[in-house]
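Here, each number is a calculation from the coordinates, and none is a lab measurement. Note that the structure is predicted; figures quoted are calculated from it, not measured. Here Cβ is always computed from backbone atoms with ideal geometry, including for glycine, and neighbour counts include all displayed protein chains.
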Amino acid sequence: MYLNFDPTSVFGLTARGEYFNDEDGVAGFYNKIFDFTLSGNIHIGNLTIIPEFRVDSGEEPLFFKNEDGDLPTAKSTGSFILAATYHF
């Protein structure tokens, strides 16, 4: 599901959530996964700058906290991405 809010022509926000149920291991996760992403859109002429924050969470441990172990130890993780697009 996507929710968009553009208060001005220069700035907008997009929120999206996703849910994956892979209890049978079809995708190899054997887990229920939910993620939420919040993106900004900053328009400067034909340039769009897109800062994005994402949180992924699993019902069971899915992510590695460090490189010392063979098994996942964390149920959630967060990430930040910065993108830019230019439209001709």
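Mind ranking 13-19, 3-9, 57-63 by how tightly packed they are, going by the mean number of other C-beta atoms within 10 angstrom, highest first?
57-63, 13-19, 3-9
So how strong a dipole does segment 2-86 carry about its Cα centre when Lys and Arg Cβ are +1 and Asp and Glu Cβ are -1, to the nearest 20 debye?
Working: 5 positive and 13 negative charges, 95 e Å.
Value, rounded to 20: 460 debye.
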